[in-house]
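Below: the structure, in structure tokens.
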Amino acid sequence: MLSQEESGRVFALLKSDHRPVEEIVSDFTSKFPRHHHFAICYSLLLLLEDKKALNSTERLVAFAILHQAYSSQKSSANPFISLIINTSCDDEAEKYERAFILQLLSSGTSNINKEFLKQSAADYIKGFDASSHSFPQHEQLQQQYCDKVHPEPYNSSHINVSVKNVLPDPDVPHGCDANSPEFELQTGAKPKLGSGDRDEVVAGLLANLSLKGLGPQWIRPLPPRFPVLDRELEWLIPDNNHELVWDHGMCADTSRGAAVRDLIAKALKGPLLPAQYEQVVVELANDPKLVYHCGLTPRKLPELVENNPLIAVDVLTKLINSPEISEYYTVLVNMDMSLHSMEVVNRLTTAVELPKEFVRMYITNCISSCQNIKDKYMQNRLVRLVCVFLQSLIRNRIIDVKDLFIEVQAFCIEFSRIREAATLFRLLKTLGLE
Amino acid sequence: MASTNSGGDDDGGLLSVTASLAKEASLYFQSRKFDECLDLLSQLLEKKPDDPKVLHNIAIAEYFRDGCADPKKLLESLNNVKRRSEELARASGEQAETVNNLGNKVILGAKGSGAGHQISSANSGSLVFMDEFDTSVAKLNIAVIWFHLHEYAKALSVLEPLYQNIAPIDESTALQICLLLLDVALACHDASRSADVLMYLEKVFGVGGVSQGDSGSMVQQQSTNLLTKYSSVPSSSSVADVSNSDLAASVNASENPLSRTLSEETLEDDTVLVLSSFEISGQNLARPVGLSSSNELSRTLVDKSISTVDLKLKLQLYKVRFLLLTRNLKQAKREVKHAMNIARGRDSSMALFLKSQLEYARGNHRKAIKLLLASSNRAEMGISSMFNNNLGCIYYQLGKYHTSSVFFSKALNNSASLRKDKPLKLFTFSQDKSLLITYNCGLQYLACGKPILAARCFQKASLVFYKRPLLWLRLAECCLMALEKGLIIAGRSPSDRSEVRVHVIGKGKWRHLVMDDGILKNGHVDSVGTDDCFFGSDGQPKLSLSFARQCLINALHLLNCLELNYPKFGLPSNSSLEENESMEVTSSKNSNLKNLTGLDSKILVGLGQVTSNGDAKEQKGGTSLETIQNSVSYCDDMCERENQMIKQALLANLAYVDLQLENPVKALAAARSLLELPDCSRIYIFLGHVYAAEALCLLNKPNEAAEHFSIYLSAGNNVDLPFSQEDCEQWRVEKTVDSEELIGGSMAAKNSSPEDSQDVLLLNPEEARGTLYANIAALFAMQGELERAHHFVMQALSLLPRSREATLTAIYIDLMLGKSQEAVAKLKQCSHVRFVPGGFHLSTSC
């Protein structure tokens, strides 16, 4: 759409019927920036399409602008070429207009045939002689000036289907013919009902015509505003006051637990004396964090279990809330079966709540150790131990026999020659699980 | 082991000298005599040059001596101390054996879910340092500073490793770490982490009456042990001591009678609810100075008796906060009652705030206001600010936006005057909640239709909320609202949304009507797309469509990150928008999905137990654990649902914005992603189809566009309602309404709904249907099927008689059918056409 000021200037150009056309055209090309040319020409085109909107001189000027604005290129590149050619072949159009257009077309890009542009539009019409002109057929012109089909300027599909957004709406008394000359504005006379000024319309249209025209309109609903979520509004509550802390470890006695560390190191090598054992238990009880600093690691656990199972139980019990405890369990499950390891597990089961998976795996390991052992004497010994261990677990309701029933039953049958296995088997029977 | 110490203080004499100096220094520190304290510390430093712990305490003491002015400087010193300790530890080689990864630890699995993620990464690589290199106190202090500066992510990054390996840490420090972590997790709305810490506290410190079989005795022993230790905390740490001494005063009235009478209790008749400064440090109270050891001793005795209850109350309040966070309102109600019982006769302001929040969450707004009034000590700025903010929240929920704005701005004023307090204390920073209040303000401005003010608020709040997708959605909404109100220029002039503008050109027989096509005069569309600068020179956000687009992209990105972190209910990836989601991710999502189904059944069992147990055994340990676990999974579900809702809104907004920016390719991608979302609301499915169809049309693919309408077409020429009124209701009220007390709540909800529904949802189902008719008509018109187009546009006009677009399409169709007389007639009959005079004066140009 043109700005007010632009459309005013375009209108002034159209109205200057006494200036040489050439001058008007050069005015146009110099005064308007190139990228506005198309929009202006398009408005002119819309005005030209409405045959009554412009008077004869204005039409000539408009055609000249339409053509000359693109005269530097081939005529087929002129986006308005079809209108230009159609009008030149329009039998209803005035002869001088058709002749003027044909001259424009034949002038092409050269300057030779441009003499006729040196006169004003009014003079051209005045001096026009129809006999000196021939009017070729549409096809011929089409061939001559539109060597190839020029595509419409593409913007979006809307433009392909759009119609002019201007509707004539003559305001004349009912039943009158709007085209009758009675409604022309008489200069000097009092304007009568239904008369109007054409110039005003041309200027107004120039200011309001738009490039896109009118197309089908889409409704684009605005997305709804997102509802305020439950927690979105910030509800404030008083903070807890977290204060900076003084480090009481400053210059503290770092020998803390040194004795225990030494004793644990000893405990890995061999059984401790009762007094030493007492000391470890007491010191660990006095300082609940000492257990983390006593030098024990999962890897060292098997040695501790074998040499001092009671200390191992004590330490593991204290480590029960440590994240490392699972490492200790893993070591315990995977170490060689022995009286001491079983003792540790048995005592642990009564002291703390062990993970079910751990107990289960431990039992499975016990059973398979019994089966794999080669030495008959050792096997018997181990089987008896396992049986006692299992009985203890079952009696204390540490394990749910249902989980391990088949495994344990098979174990009992395999070693039924051993008295303890038979006892365990009977215990299973009394539980009535079969 | 001590012999390996680089300090070389094997000499017992020296040891005792430094130890006694250290003890003296700590006593000075407790009595807030920082100059004397620093004197001693510098003497210590001479004896033990470069000792990290001495340096640590010097940093802390200096910070207090200098009036807590520069937390950043303190952070720096503490970080240096930490680094120094770690270097020394490494140098001494006194490292515990690193834990070797024994292959099959997976089999054992997690014992309680509380231990869940502790085990996995537990201590691989973390070293158990000897006491002298222990950095846990320094790290705790670093986290404390970050916490007070609202830098929760940073605090978390420090606390999390500490928590993972908390067992060896000294008990009072460990407890403080847990409590701080709990506060941080709650502040971050991180339900599962809060649950984890809460369960750990219950398990290890055994507070809250948990007894678990045989291990109970051990735990009990441990916890009493802890409590004696904990009770020594107040007397050993300076400012915390102040609040606690005040507490002590409430029991032991002779302690500090002056400050009592000075406090605001006289203003409140309800002396039971006297606000002592339990949680809100009594800043004005000067701590009685003196090093009298007998005084110290008696205090510890008093403190010990208090702090058992004190800790119990504290944990109970944490539990309530957690339950509120997870919106387990029923349980929260029970627990808050319990908290009030524990708090009987002592400070209960926190409990009252939480109780008010509970009623607010349940929609009992009047009750919430009452409780707030009872709890608040409005003379204290920090409290007053929170009080006003919370009232603002309540009035917002009641739909009284104007009143809420009054309270929000009061709250902001309180906050501002809080900041003026000199000298600044660390606690002042954390008390300054102005950014949170500002967010609330933003919401309120948005509800009042003031997009520019709202955007300013959201931009300020983005300092804390920049990771929340919702913030960015709100900013985008500000842009769209500004666009709608014509405050920013877009391709379409604003006032034309509702009416057809017709320019009347000329008079008499020359009269012409020019239909405005909505392209703004001089509104160069290209200026919209190329605007890269989102902030004006004044630093205020410059609302524009491209800014909206950037916000939406940010939000989508954040949402996708969230989904990757919690891939529980893995969404099918939206191929067009999230190309970078690899196959691995999706497969892991699937496996997670499997895990979840297992988990679900377990939870269901747990729920059954809860209901069968009833209220009687609510304090039983097992039930409490299950409650916490259930709450977490419920909360996860809820967050997932909310994120799904947000995602729908984001994609719909993105499609709309891209259409406005004349970028149909991107708009189409967004609309398609929206349509691919699982469980998409029918409202958003409708929008997705409408946007996709328009985008396809702009891309000159009318046939594909038609496919998007086909699902709404029945019997050829009729359009179904794209969604129902229930869909709208459902979308708005995805709230957890407590079924117990709907009476009061629903009343309030009903009162507020008319105001709400209008500004939240613009379309009603019938209008949506009209939109479909109009757009189908436009589509047929484009395809040249003018007769069908005519049928649809007439339907559209009967549903949307005021629609500008439908009217213009109808006129277009008439013109195309050559019925220009009818077109003119239609224009003249239409009630909402505005005829504007041509307004062009020849005189200026001729």
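Order these by the 10 Å Cβ neighbour count, fewest first: A:Val333, B:Val657.
In increasing order of surrounding Cβ atoms, one gets A:Val333, B:Val657.
For segment A:8-104, what does the equivalent ellipsoid look like in terms of its semi-axes, each the square root of 5 times an eigenvalue of the Cα gyration tensor, given largest first in whole Å?
19, 16, 12
Treating only the Cβ atoms of Lys and Arg (+1) and Asp and Glu (-1) as charged, compute the dipole magnitude of segment A:277-434 about its Cα centre; round to the nearest 20 debye.
The calculation lands at about 620 debye.
Extent of segment A:78-138 along each principal axis, from alpha carbon coordinates, in Å, largest to smallest?
The Cα atoms of segment A:78-138 stretch 27, 26, 18 Å along their principal axes.
When Cβ neighbours within 10 Å are restricted to other protein chains, what is their mean count per residue of peptide B:136-145?
Average per residue, whole number: 3.
Please rank B:Arg549, A:Arg347, fewest neighbouring Cβ atoms within 10 Å first, as an exposure proxy.
Starting with the residue having the fewest Cβ neighbours, the order is A:Arg347, B:Arg549.
In what sequence do B:Arg84, B:Arg366 fall when counting other Cβ within 10 Å, fewest first?
B:Arg366, B:Arg84
Just checking the output field for B:678-687: average partner chain Cβ neighbours within 10 Å of each residue's Cβ?
1
Please average, across the residues of B:777-783, the number of beta carbons from any other chain that are within 10 Å of each residue's own beta carbon, and give a whole number.
4
If you take the square roots of the eigenvalues of the alpha-carbon gyration tensor of segment A:336-434 and sort them as a ≥ b ≥ c, do you get rounded (a/c under 1.5), prolate (a/b over b/c) or oblate?
oblate
Quick one: which of B:75-82, B:790-797 comes out on top by average Cβ neighbours within 10 Å, and what's the full order, highest first?
In decreasing order of mean packing, B:75-82, B:790-797 become B:790-797, B:75-82.
Return the long-range amide H neighbours of B:Arg501 (sequence gap of 5 or more, or a different chain), with a cut-off of under 5 Å between placed amide H atoms.
For B:Arg501, the qualifying residues are B:Asp516, B:Arg834.
Students often get this wrong, so check it: of B:Lys203/B:Lys355; B:Lys450/B:Lys647; B:Lys139/B:Lys370; B:Lys314/B:Lys647; B:Lys33/B:Lys319; B:Lys542/B:Lys826, which have C-alpha atoms separated by over 31 Å?
From B:Lys203/B:Lys355; B:Lys450/B:Lys647; B:Lys139/B:Lys370; B:Lys314/B:Lys647; B:Lys33/B:Lys319; B:Lys542/B:Lys826, over 31 Å: B:Lys139/B:Lys370; B:Lys314/B:Lys647; B:Lys33/B:Lys319; B:Lys542/B:Lys826.
Would you mind putting B:194-205, A:280-291, A:132-143 in packing order, based on average other-beta-carbon counts within 10 Å, highest first?
In decreasing order of mean packing, B:194-205, A:280-291, A:132-143 become B:194-205, A:280-291, A:132-143.
With respect to the cross-link table entries A:Lys15/A:Lys51; A:Lys318/B:Lys154; B:Lys72/B:Lys410; B:Lys330/B:Lys367, which display a Cα-Cα separation exceeding 24 Å?
Over 24 Å apart, Cα to Cα: A:Lys318/B:Lys154; B:Lys72/B:Lys410.
What is segment A:280-434's relative contact order, in percent, from Cα pairs under 8 angstrom and six or more apart in sequence?
17 percent
Does segment B:762-828 classify as rounded, prolate or oblate by the C-alpha gyration tensor (a ≥ b ≥ c root eigenvalues; a/c under 1.5 gives rounded; else a/b over b/c gives prolate, otherwise oblate)?
Here segment B:762-828 falls in the oblate category.
Coordinate-derived values only; no laboratory data. From a predicted model like this one, the values you see are computed outputs, not experimental measurements. Don't worry about glycine lacking a Cβ; one is built from the backbone with ideal geometry, like all the others, and counts go over all protein chains shown.
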